[in-house]
């Protein structure tokens, strides 16, 4: 009889462990991990499409162009292209006021600065050579410099760009002279992320 009892207990154990166990509940749950990659996004708009620097007879003067930059990164690289100012808005004219290549472009965001260990000249961008043709105007181009915002993971602010011109010809014909200034804003690739 003792042996029968042991066999009966053993059979019950086999049946109990072989049968799937379900909790007596009316709900169940499970979790999965979800991931997404947010691509870089940036927009750049001029605050005023026309910049009038007033009047000049001779000497150096500066044009101040204002832009708004919105980016989903706190680091943005800037580069400037600027043309000479041509008489009568004619980029084929031989009468023009040149960009002052001895005075770097100055780029000043509202809440950001150039990353100094990488760029000791601060917010001054030196001219490096000939740039692209913009609206028919030949341009000079600056170096590209990386800036960092103080806005905690974003870069959404106004950016002032100052370009100097040198009107050194006292015999330059009177009239209206015009050209272009372009700001290029780039989110550089993130490494190691």
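Helical runs (DSSP H, four residues minimum) scored at -39500 (n - 2.57) apiece and divided by the length of the chain put the mean residue ellipticity at 222 nm at -3000 deg cm²/dmol. Taking every alpha-carbon pair under 8 Å whose residues sit at least 6 apart, the chain reaches a relative contact order of 31 percent. For the pair the stretch 130-193 and the stretch 32-104, the centres of their Cα atoms are 3 angstrom apart.
Between helix 2-18 and the chain there is an angle of about 20 degrees, using the helix long axis and the longest principal axis of the Cα atoms.
Annotation for residue 32 and residue 94: the two label points, set 7 Å from Cα along the Cα-Cβ direction, are 7.3 nm apart.
Highest GNM mean-square fluctuation among 84, 28, 114, for the chain modelled with Cα contacts below 10 Å: 28. For Rg/Rh (Cα atoms, Kirkwood Rh), the value calculated from this model appears in (1) 1.91; (2) 0.93; (3) 1.57 under label (3). Label-to-label distance, residue 48 versus residue 184, with points set 7 angstrom from Cα along the beta-carbon direction: 2.6 nm. Using the average count of surrounding beta-carbon atoms within 10 Å as a protection proxy, the listed peptides 151-159, 36-44 rank, highest first, as 151-159, 36-44.
Compute the distance in nm between two label points, each set 7 Å from the Cα along the Cα-to-Cβ direction, one at residue 152 and one at residue 121. For the pair residue 152/residue 121, the computed spacing is 3.4 nm.
Every number in this text was worked out from the coordinates using simple rules, so none of it is lab data. This structure is a prediction, so every number in the text was calculated from the model and none was measured. Cβ sites come from the backbone with ideal geometry, for glycine too, and all protein chains shown count toward neighbours.
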